[in-house]
1. Just for strands (runs of 3 or more DSSP E) wholly inside segment 545-594: which have at least 2 residues that are without any contact (Cβ under 8 Å) to a residue 60 or more places away in the chain and in contact with a strand residue (DSSP E or B) (Cβ under 6 Å, 6 or more places away or on another chain)?
2. Please verify whether segment 50-70 includes one or more residues that are in contact with a helix residue (DSSP H, G or I) (Cβ under 6 Å, 6 or more places away or on another chain) and outside the structural domain of residue 314 (by TED's automatic domain parsing).
3. Quick one: which strands (runs of 3 or more DSSP E) sit completely within segment 72-137 and have at least 1 residues that are closer than 27 Å to residue 324 by Cβ and more than 50 Å from the chain's Cα centre (by Cα)?
4. State the number of residues belonging to segment 525-560 that are within 19 Å of residue 256 (Cβ to Cβ) and surrounded by 16 or more Cβ atoms within 10 Å (Cβ to Cβ).
5. Report, by residue number, each residue of segment 59-74 that is at pLDDT below 90 and surrounded by fewer than 15 Cβ atoms within 10 Å (Cβ to Cβ).
6. Would you please name the residue that is nearest to the chain's Cα centre (by Cα), looking only at residues in segment 34-63 that are part of a strand (DSSP E or B) and closer than 21 Å to residue 148 by Cβ?
7. If we keep just the residues of segment 333-347 that are out of contact with any strand residue (DSSP E or B) (no Cβ under 6 Å at 6 or more places or on another chain) and part of a loop (DSSP other than H, G, I, E, B), which is farthest from residue 50 (Cα to Cα)?
8. Could you check segment 224-233 and list, in sequence order, the residues that are surrounded by 13 or more Cβ atoms within 10 Å (Cβ to Cβ) and modelled with pLDDT of 90 or more?
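The values are calculated or read from the model by the stated rules, or taken from the named source; none is laboratory data. No experiment lies behind these values; they were computed from the predicted model shown. No Cβ is skipped: glycine too gets one built from the backbone with ideal geometry, and neighbour counts run over all protein chains shown.
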């Protein structure tokens, strides 16, 4: 592993009469060389810039195309013309002990242009090399002995093993933090550890409480059938899901207990009975998450990750005691190539053949004259149809003193008659140093708590009288101190609560939910996700609650954790916006519960309570 730390940088300081030595001239060169290599490693990393393709010409020889490579210390390696080599003449061939070799290239300097040394001493050589030629060297090593370089430690991705056998190992990989209302990829990653001629089959079910699969459910089946890989090979299978926009900040992706099975040929191998991957739910965009993660990498983490050589290709050999045959040349992985800004336009053009731009719809614009500061402004949207807001003014007059009570006019909130709650907050303008201008603020509650921060606040007690039958309200304000203001300005918010007479039973008729597994047998402290099936309705936000204390714990996304005590525990599940649409699930906690029986027996499963009583209309 090379020492890639090229800093701190030092350059010559020139002054009149300075005597320059060989060390000074060497420092002058090193300053510029090290600066360039430092920026190469920081901006581009290491890998193949262009070219360097490897082909077998016959059973004994290979062709290496011209190209450019940058190694782990930022040094440019230039293969200026294509070269043909017999494999046996490449350095390292005699040391190979396996049938899979790696062809690599590394930086090499050669001293050239011998000249007579004029000022040589008796102990020095008569001739010195006048130039250094920057070149390269090809060499071979066993694939298993090639040092890939240190992997960058990062908590951006989480990786959990789901099975492991004599020949294959499988993992689930996904981001640690996901973006709400955005797509995210869950990857099944399979590694081949040996060269045995074995096929792998794997199957499992992931419960995804905070996500939606393409088929609209909250589970995905991950599986592969009879796959074959070479030794050291890796296969990826990607599953895309969409993160739901929900109030929670954490969720879990759970490998359903007992669902995972793995076989090498017909032999079962070890598969995890259950795993839980905890993910964080974020309001940020994907670009913001990635940018923040990359920005966290300090200089020490960025330096020293590469190697002093770059792998150009793997060569599979067929060898005997006295001869060899090149069986195949395997190209490097796509991550061996460096993405260059100069190729962005070409990359974009080529990508257009694979990616279709999403349809863009123009959102409907609101009528500019539909609202004003003084008129009620009901918030549109079915989820906020019972909310309205606006601004009101209470005139004080010239002689307002402490203890005076002033009233607003009767204000129509626009939500109709019925049970309406109205809250008001004192609204004022104040200088904001951050914005460099006046900013509008609203204080709900007691303004006196903020009076020290702003001299423009008016201390007053307020009360709201709601005229339920008329669909309006009146505000009263009692001054606590003498003021010079002529008008008090308040922001009001009105919320209408439906009563029994307001319920629209047509919205609930025929809609039910059921637990996919109404009864589950669990061990103490074990986790289980209670999925929900929607009947005659679209998926909506679900709330989970325990019906008795000491029943364990249940998260907002339906992951139930059993208590330490044995017993039968009940979980109520209902639609957050429609509490009448509900069902129940039961957890039977036993110390000797079997993993193969996560759902209990038919006799243990009670009928789900999902029917809604009929209402007389």
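1. Here the list reads 559-561, 567-575.
2. Looking through segment 50-70, none of the residues is in contact with a helix residue (DSSP H, G or I) (Cβ under 6 Å, 6 or more places away or on another chain) and outside the structural domain of residue 314 (by TED's automatic domain parsing).
3. Because the criterion is at least 1 residues that are closer than 27 Å to residue 324 by Cβ and more than 50 Å from the chain's Cα centre (by Cα), no strands (runs of 3 or more DSSP E) in segment 72-137 meet it.
4. Residues that pass the stated criteria total 16.
5. Selection gives 59 alone.
6. Among them, the one singled out is 47.
7. Pass one, segment 333-347, residues out of contact with any strand residue (DSSP E or B) (no Cβ under 6 Å at 6 or more places or on another chain): 333-335, 339-347.
Then drop every residue that is not part of a loop (DSSP other than H, G, I, E, B), which leaves 333, 339-340.
Details: 333: 14, 339: 10, 340: 10 Å.
Among residues in segment 333-347 that are out of contact with any strand residue (DSSP E or B) (no Cβ under 6 Å at 6 or more places or on another chain) and part of a loop (DSSP other than H, G, I, E, B), the one farthest from residue 50 (Cα to Cα) is 333.
8. Residues satisfying the conditions are 224, 227, 229.
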